[in-house]
Every structure is written in C-alpha cells, then in structure tokens.
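K.L.:
Okay, handing you the structure first.
Rule-based calculations on the coordinates, nothing more; no lab input. The shown structure was predicted, so the numbers you read here are calculated from the model rather than taken from an experiment. Note: ideal-geometry Cβ built from the backbone for every residue, glycine included; neighbour counts use all protein chains shown.
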Amino acid sequence: MAFKVRKYRVLKGYSLLDRYIVTEISLIFLFGLGILASLGVAIGTLSDLSHKVVEFDLPLHLAFQVLLWKIPEFVAYALPISLLLATLVSYGRFSSDSELIAWRSCGISIYRLVAPAIIFSLIIALVTLIFNELVVPSANYQAAQIIETFIPEEKKFTQEQDIFYPQYEDINQKQSITSLFYAQAFDGEFMQDVTILIWHQQQLNQIIYAQQAFWNEQEKIWIFIDGGIYQLNYDYVTNNFVNFDNYKMSLSSAPLELVQKSRDPFQMNIAQSLDYLRIIAHSGDEKRILMFQVRTQQKMAFPFICLVFGLIGSALGIRPQHLARGTSLGITVLIVFLYYLLGFLIGALGLVGVVSPFIAGWLPNILGLIIGIFILIKSN
C-alpha cells in the first residue's frame, strides 16, 4: 500500500513539473510570437506597401487590407522562432535559478526534463501545419489579388494571356510531343484565338484553329467555335481543310486547369501544390515541375522546424551554464540565421537538380534533429 501511495505521489509530482515547465515555455512563446510577428510585418510589408502607395497610387484602405492579409504569413514564420527562444530562455532560467540542480538531485533525468518541451513542440508543429494549410495560402492569395488589380506587373504566375500548354508522352524511353495548345487570351469562360497542333507517330498530323473554345465539364470535351481543321499527310503537304461552326474534341483539360489554378507556390497549400503538379506533369516544363516539387517538399517540412528548434533550444538551455536573456536572444538569432541559410543553399541545389526535392526540403530538419540529439546527449 505504501508503495502505491509513493508511486502516486511521484507521478503527481511529475505531472506538476510538466505543467510548470510548459507554462513557463508557453508564456515566453506567446510573448515572442507577438513581438516577432509584429517585427516581421513591419519590416517585410510596411516598407513595400508604402512604396506601392507612393509609386502606383495604391489606395490607403486597400493597403491596410493587404497589411492585414499578410499577418498570417509572418505569424507562421514566427512560430518556430518563438519556440526556439522560449525553450532557450525557460531552461536557461531553470539553470540559473538552480531549479535544474534541484530536479536532478531528486533523480529526474535530463531527458525527462526535456520531454514537456518536446511534446509542446509537437503540438506547435501540428498548429503550424494546420495554420499553413488553411489560413496562410488563402491570405497570401487575397493580398496578391488586391495588389495585382492595381499593379499588373505583379502578376508573375497568373496566366490570362498567351496560354501555352504542350503535352508529352514517353515513346521509346524518350519524351515526345503529342499536342500543343495555344490561346491568345482567357476571359474567365472562353479561350480566345485558339490554335492546336496534333502529332501522330511523331509527325505533325493536324492543325485546328478556332476563334473561341470552352471546356464542357459534363461531356469532358473541348468545344471549338468558328474555325477550321487542316489535315496533313506525313510529307507535310496539306490534303484537306474543313471549316466548322462547332467542333468537339477530346483533349486534356489541363490548359484550363493551368489557367484557373496557376498561383505563386506561397499561395498554395500542400493539396493545391500536388494538384498543380499533376496538371503540369506532362507539360515538358521540367524547370517549373522541379520548382514546384521542391516547394511542395519544403511546405511539408516547414512545420517540423518547430520540433527541431524546440529540441535544440531545450538542449542548449538545459546545459549547466548561466544563460542571460540577452545571450539567449543572440543564440536564437544565430541559430535561425544558420538554419535558414542552410535551407536556402540546399533548396537552391534542389532547384537546379543537384539533389532530389525530398532532400532539398527535409535535409535541414534531419541535420537539425541530429545536432539537437547530440547536444542533449552531451548535456547528460
């Protein structure tokens, strides 16, 4: 009976210890999140918006709307950094106030003391994942829509003019073009001045021209209006030409999807990025495909930065040394700089095809976890 009571008290003590550590971390985390997000918005958005207001006459009320829409992006960036700062400061205070010595003298291991921070980091990683999927991309898209209305030059990914979509298939282990879709413009419903080239057995076989074309979702076909068809033989000599008022043809809906779903990668969540990769998979644009593959892997890996920073921060803070808050802030800045520099360099290698998209997205996290575990083991 005495053993059961003693065991209950130990477990209860551990539960109180967990709550104490998590409360300390969460308070500093929330404070850091507010400060860092505010700094991010001020530095990353205000100067750019003021330039657009002066140079492009962007109305002030719209500039304020853009500012509000950009806040979620900087909150997302601040989440892992705030966690790193919170764990460093919290465990540093525990060490300087000799609380760590007291806990260790009670037989509590360093790994057990770090466990609440790791669990808290996993929770923040989940929050970051949900926030990045449901809030940040749509907020960035709304901000971009407002700016693009007044500054057409900002339309880097939106395609409304010169829609160009080649389609390829593998023939004898080589990519060979099967069709080429071109439209001069898209008005939201109709493609204007459409030209389609069709290849058969690697020979140009058919040329279709139409003033307009639209996608029939029910029949899953393209309907071309007011145009003609050139039928070619294999010697590229025209042997047939037919005019039409309406012509139905079974082609991929990818050109329409490309126009409707084309966005900046930072305006897409993971599901949208994967869907867009499906659309452009047979376009032959290897550079664009690789870029979206790398960005998608980076999106998947980003929430787990919270786990990496939480582990590194607690492992550094729990070391038997006195860390002032100013020192903790300096270490935080240094770690964040080195981490994102590494991420940028490896991401650049992924964009040029030197490393795989998976390595480009996940290697910084893997290295960070290894370093964090090493520091924690050395601290013990």
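K.L.:
Can you tell me the dipole magnitude for the chain around its Cα centre, using point charges on the Cβ only (Lys, Arg +1; Asp, Glu -1), in Debye to the nearest 20?
P.N.:
3020
K.L.:
Only counting other Cβ atoms within 10 Å, I'd like Trp69, Trp222 sorted with the fewest neighbours first.
P.N.:
Ascending Cβ contact count within 10 Å gives the list Trp69, Trp222.
K.L.:
Moving on. With an 8 Å Cα cut-off and a minimum separation of 6 or more residues, compute the relative contact order for region 161-252 in percent.
P.N.:
Relative contact order, region 161-252: 18 percent.
K.L.:
Continuing with the same structure: Could you pull out which residues in region 21-39 have an amide N less than 19 Å from a spot 7 Å beyond the Cα of Gln142, following the Cα-Cβ vector?
P.N.:
Label zone hits: 38.
K.L.:
To continue, here is another question. Springs between alpha-carbon atoms under 10 Å, Gaussian network over the chain: tell me which of Lys70, Lys174, Lys52 tops the mean-square fluctuations.
P.N.:
Its mean-square fluctuation being the largest, the pick is Lys174.
K.L.:
Same structure, new question: Amide H of Asn205 versus every other amide H placed in the peptide plane: which residues, excluding those fewer than 5 positions away on the same chain, fall under 5 Å?
P.N.:
For Asn205, the qualifying residues are Ile198, Trp199, His200.
K.L.:
If you don't mind, there's one more thing I want to ask. Check the chain and count each lysine pair with an alpha-carbon distance under 25 angstrom, considering only pairs eight or more places apart or from different chains.
P.N.:
Final tally of qualifying lysine pairs is 21.
K.L.:
Post the alpha-carbon centroid distance, region 17-33 to region 337-357, in whole angstrom.
P.N.:
Measuring centre to centre over Cα atoms gives 32 Å.
K.L.:
So, one more: What ranking of Asp264, Asp162 emerges when the number of other C-beta atoms within 10 Å of each C-beta is taken as an exposure proxy, fewest first?
P.N.:
Starting with the residue having the fewest Cβ neighbours, the order is Asp162, Asp264.
K.L.:
Follow-up. Using only Cα atoms, find the angle between the long axis of helix 305-317 and the longest principal axis of the chain, and express it within 0 to 90 degrees, rounded to the nearest 10.
P.N.:
Compared with the principal axis, the helix lies near 20 degrees.
K.L.:
Quick one: compute the contact order of the chain, relative version, from alpha carbon pairs under 8 angstrom and 6+ residues apart, as a percent.
P.N.:
For the chain, the relative contact order is 18 percent.
K.L.:
Treat the count of other C-beta atoms within 10 Å as a stand-in for reagent exposure and order Cys306, Cys106 from fewest to most.
P.N.:
Going from least to most buried by this count: Cys106, Cys306.
K.L.:
While we're on this one: What's the angle, to the nearest 10 degrees (0 to 90), between helix 136-150's Cα axis and the longest principal axis of the chain?
P.N.:
50
K.L.:
Using label points projected 7 Å from each Cα along Cα→Cβ, tell me how many nm separate Gln65 and Phe150, to one decimal.
P.N.:
1.0
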